1. Here are a few candidate values for Cα Rg over 2.2 N^0.38 Å: (1) 1.05; (2) 1.27; (3) 1.09. Which one was actually calculated from the structure I just gave you?
2. List every DSSP H helix in the chain whose Cα atoms extend 20 Å or more along the helix's own long axis and whose mean Kyte-Doolittle hydropathy is at least 0.0.
3. According to a simple spin-label model (label point 7 Å from Cα along Cα-to-Cβ), what is the distance in nm between V56 and E26?
4. Using the number of other C-beta atoms within 10 angstrom as an exposure proxy, rank T18, T194 with the fewest first.
5. Could you give the distance between the Cα centres of the stretch 181-215 and the stretch 140-156, to the whole Å?
6. What net charge is computed for the residues neighbouring E167, neighbours being all others with C-beta under 15 Å from the C-beta of E167, Lys and Arg scored +1, Asp and Glu -1?
7. Given the chain, what count of lysine pairs have C-alpha atoms under 20 Å apart, with each pair 8 or more places apart or on different chains?
8. Among V123, G102, T92, whose Cα projects farthest towards the positive end of the dipole of the stretch 29-123, with charges put on the beta-carbon of Lys, Arg (+1) and Asp, Glu (-1)?
Amino acid sequence: MNKMTLRYDNYIFDLYGTLIDIRTDEEDISAWEKMALLYRYRGADYRAEELRKAYVSAVHDALEASWAEHSGDIPGNRCAGRENTAEIRIETVFRRLYEDRGVCPEEELVLWTCRIFRIVTTVSIRLFPRVKERLRRLRESGARVYLLTNAQRVFTENELRIFGLEEYFDGILMSSDVYFKKPDRRFYQRLIDTYGLDPARCLMSGDDAVCDMAGARNAGMDGFLVKHRHL
């Protein structure tokens, strides 16, 4: 197969809505009934609606704390704001839910609680058509390919694995690792600095006009807005 003629050296992709089509429902009371049962198994007494409300409150508090600790001045970030730049590690939320009921969970229990939550709240998930083919062709043509995603590593690393996507990327950055997310310019800059990229030679592909397109422009990159038919 002939190599493609590439305009850019580096191709950066969003994940959800761009490469993976996923639908989750974190309001589904049946999911919270399962989660409450899990917590009760481990000695943390919750009922479903009580646990759901405690989760929402814990996420809010974690976001407030992350914003206070990691926001900084956000120099040059036109998209700054608590609601679209602060990020958390979801493990802290599920750990707190145990601790609030007097249970001190081991790290492995916290991780498995996160994973089970993702399973019971996932309605559907699939890889969009021809994703691997396109990523493979970029790599074969000499481009470097990166993933820049607003995501929780404890969820996403497993979803990358089941679809066999890890091998197609030269680098992967997730927002939960750095406590800020797209469109925050710092997230883009972390990718640039980590891999020594020239923003003028980068194309960001994603499905969100703000997080992906405006964020990329703010970091000096071109953007390509992806549109799919979802499940």
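1. Recomputing Cα Rg over 2.2 N^0.38 Å here picks out (3).
2. Values: long enough: 48-70 (32 Å, -0.40); 107-121 (21 Å, 0.80).
Qualifying helices, which must be both long enough and hydrophobic enough, are 107-121.
3. Distance between the two pseudo-spin positions: 1.1 nm.
4. On the way: T18 22, T194 11.
With the sparsest Cβ surroundings first, the list reads T194, T18.
5. Cα centroid to Cα centroid, the span is 12 Å.
6. +1
7. Lysine pairs meeting both conditions in the chain amount to 4.
8. V123
Bear in mind that the values in this text are calculations on the coordinates, not laboratory data. What you are looking at is a predicted structure, and each value in this text was computed from that prediction instead of being measured. Positions of Cβ are generated from backbone atoms using ideal geometry, with glycine treated the same way; all protein chains shown enter the neighbour counts.
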